[in-house]
Amino acid sequence: FKRVLPTFIKKLSNRKYNPNFSNMGEIKNLVSGLEANATPNKIISQSHIPQKWQPYNTYIDTKSIEEVKKELDAIIGLDEVKDKIISILDNIEFEISRGNDEEIQIGHFVFYGNPGIGKTMSAQMLANIFYKLGLLGNKNYKKVEKNDLVGVNSAETLKKTEKILKESLGGVLFVDETYTLTDDSLGEEALNKILTFMEENRDSFILIFAGYEEEMERIYNVNKGLRSRFRHHIYIQNYKAKDMVKIFEQLAKEKKMELSDEFKKGLEEHLEKKRLKPDFSNIRYLRDEL
């Protein structure tokens, strides 16, 4: 138990970003729970950690990781994102096997891709998975765009941005169409505030920038060191035609409709041509055009 305690406490401390976190009161309650579960000789082992605190148990058991991988298998498309998550999970298992629990770090992400590609869904997926594994302190998932960060002047911009950043601690902050922050000076102020905050609060939350690949290059030109601050860069390809047919079939079922085999074949052929266009909107196309 002494071996696993430091990392356990480190994970537990991620909850300090929750408004009801009671600091030393949390530790006292934990000790009381351990005492109640301990054997008569009062020797405490890892198994005596009360259920309330099990999500912060140092060792991420294999069962939890396997459950997450099964959930990923059930998701249609997003192969690049799923592959990256599996790679991260494999690395976590490797570090744990070496006894390097404190070496586990997730890092920040950049998602590139066309509209409707599933960038938002991928960000929500990350938030859910890493919270479930105890690597995030809370379930907070916040999606913002430029208008959420920028005010009418510099003071209001910094105030709005700082408020959003503080609310994201312990969870995931997803900044969609991040490249728009380079369109004017107020946007750049918000961007610089975000970058300063992520350095000062390293490993305290996950930051995700997202946008079209070419437009995202504008941000890298404004801040030369920005690219290296993000550990994971994922280009999400357009959905495969066969996967979009499966998704369309699900959408149809929600409306109590079924698709004939002939229709599905024709739809796949249609989508195979459409998906090759540079401005193809993927799932948004399914919802808005079909």
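The values are calculated or read from the model by the stated rules, or taken from the named source; none is laboratory data. This one's a predicted model, so the numbers in the text were calculated from it and none came from an experiment. All Cβ positions, glycine included, derive from the backbone under ideal geometry; neighbour counts span all protein chains shown. Surface areas here come from the heavy atoms of the whole protein model, side chains and all, with no ligands, DNA or RNA. Shrake-Rupley method; radii C 1.70, N 1.55, O 1.52, S 1.80 Å.
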Check: Which residue out of Glu215, Glu189 is assigned to a helix (DSSP H, G or I), surrounded by 17 or more Cβ atoms within 10 Å (Cβ to Cβ) and among the acidic types (Asp, Glu)?
Finding: Glu189
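So, in the stretch 155-181, of the ones that are of a type outside the set (D, E, K, R) and touching an Asp or Glu at 6+ places or on another chain (Cβ under 6 Å), which residue ends up nearest to Phe209 (Cα to Cα)?
Ranking the qualifying residues of the stretch 155-181, first place goes to Tyr179.
Hey, among Glu268, Glu272, Glu254, Glu258, which residue is out of contact with any Cys (no Cβ under 8 Å at 6 or more places or on another chain), without any contact (Cβ under 8 Å) to a residue 40 or more places away in the chain and surrounded by 15 or more Cβ atoms within 10 Å (Cβ to Cβ)? Working first, answer last.
Working: Glu272 fails: surrounded by 15 or more Cβ atoms within 10 Å (Cβ to Cβ); Glu254 fails: surrounded by 15 or more Cβ atoms within 10 Å (Cβ to Cβ); Glu258 fails: surrounded by 15 or more Cβ atoms within 10 Å (Cβ to Cβ).
The unique qualifying residue is Glu268.
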Check: Only one residue in Tyr239, Tyr235, Tyr220 is hydroxyl-bearing (Ser, Thr, Tyr), closer than 30 Å to Ser185 by Cβ and open to solvent by less than 30 Å² (accessible area, probe 1.4 Å). Which one?
Finding: Tyr220
Margin query: Can you tell me which condition Ser204 does not meet? The list is (1) open to solvent by less than 60 Å² (accessible area, probe 1.4 Å); (2) of a type outside the set (A, V, I, L, M, F, W, C); (3) assigned to a helix (DSSP H, G or I), and all the others hold.
Written below: (3)
Checklist line | Selection from the stretch 117-129 of residues that are touching a Leu at 6+ places or on another chain (Cβ under 8 Å) and either part of a loop (DSSP other than H, G, I, E, B) or of a type in the set (Lys, Arg) (or both) | finding: Gly118
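Would you pick out the residues in the stretch 275-287 that are open to solvent by less than 60 Å² (accessible area, probe 1.4 Å) and among the basic types (Lys, Arg)?
In the first step, residues of the stretch 275-287 are kept if they are open to solvent by less than 60 Å² (accessible area, probe 1.4 Å); the result is 275, 280-283, 285-286.
Hit for the stretch 275-287 is Arg275, nothing else.
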Notebook entry, point to check: Do we find that Leu136 is in a helix (DSSP H, G or I) and in contact (Cβ under 8 Å) with a residue 24 or more places away in the chain in this structure?
Noted result: no
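If only one of Leu169, Leu133 is within 20 Å of Glu66 (Cα to Cα), at pLDDT below 90 and either under 15 Å from the mean Cα position of the chain (by Cα) or surrounded by fewer than 19 Cβ atoms within 10 Å (Cβ to Cβ) (or both), which one is it?
On the way: Leu169 fails: within 20 Å of Glu66 (Cα to Cα).
Just one listed residue meets the conditions, Leu133.
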Next item on the list: Scan the stretch 264-275 and give yes if some residue there is under 25 Å from the mean Cα position of the chain (by Cα) and part of a helix (DSSP H, G or I), otherwise no.
Entry: no
Next item on the list: Using the structure shown, decide if Leu126 is open to solvent by less than 10 Å² (accessible area, probe 1.4 Å) and either touching a strand residue (DSSP E or B) at 6+ places or on another chain (Cβ under 8 Å) or over 16 Å from Arg284 (Cβ atoms) (or both).
Entry: yes
Next item on the list: Go through the stretch 144-166 and give me each residue that's at pLDDT 95 or above and in contact with a Phe, Trp or Tyr (Cβ under 9 Å, 6 or more places away or on another chain).
Entry: Val144, Thr161
